[in-house]
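Q: Below you will find the structure I want to go over with you.
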Amino acid sequence: MTTLDTPAELLAVLLALAAEHQAAVDAADERLRQEREDRERREAVMSARDAVGRQFRNTLAKVLAPEAWRGYPSGGEGQPPMAVAHLGNGIFLICEVSRPVSDPWGGYHDRLILLYSCPCGSHTEVELRDEYVLGFELETALSPRCVGECTRPCPDEE
């Protein structure tokens, strides 16, 4: 241990040591955050692939390539990890991965959402329960007119 002659020297050394420690802690926190985000991205993509294979084996599973998915980590305000696949024509398939509170085993619940643009400039989000709903919503999404179920009122309705 080095002997310091003045309080100013003591404070200067102490400040340098504290800054060095803070930098090491910040770097470790950043590394852990990055590892968590990478894991969440991978898990979201795997969950999306599984959900499509399980729930939409006669439609989406036959045409959606596994590499079509892009994973995103959980965000602020309780946003769960998700994976997104672009289906074309401004139509996206979103798989939100969340952990239901009522599940004592901590299992995941995959929520598949079809997101598409509306001719009025807004967009529509529909949770897909089955392949029948998928077919209906794809027909609606490809329609050239607003159907009035957008996230904001359509100009036709005002």
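Here, each number is a calculation from the coordinates, and none is a lab measurement. This one's a predicted model, so the numbers in the text were calculated from it and none came from an experiment. Here the Cβ is made from the backbone with ideal geometry for all residues, glycine too, and neighbour counts use every protein chain on show.
Q: Can you give me the long-range amide H partners of Leu87? Hydrogens built in the peptide plane at 1.01 Å from N, cutoff under 5 Å, separation of 5 or more residues or another chain.
A: Counting only residues 5 or more places away or on other chains, the set is Phe92, Leu93.
Q: In addition: In whole angstrom, how far apart do the alpha carbon centroids of region 1-57 and region 118-143 sit?
A: Between the Cα centre of region 1-57 and that of region 118-143, the gap is 41 Å.
Q: Is any residue of region 35-55 close enough, with backbone N under 14 Å, to a label point placed 7 angstrom from the Cα of Asp130 along the Cα-Cβ axis, and if so, which?
A: Under 14 Å, as judged by backbone N against the label point of Asp130, lie 55 of region 35-55.
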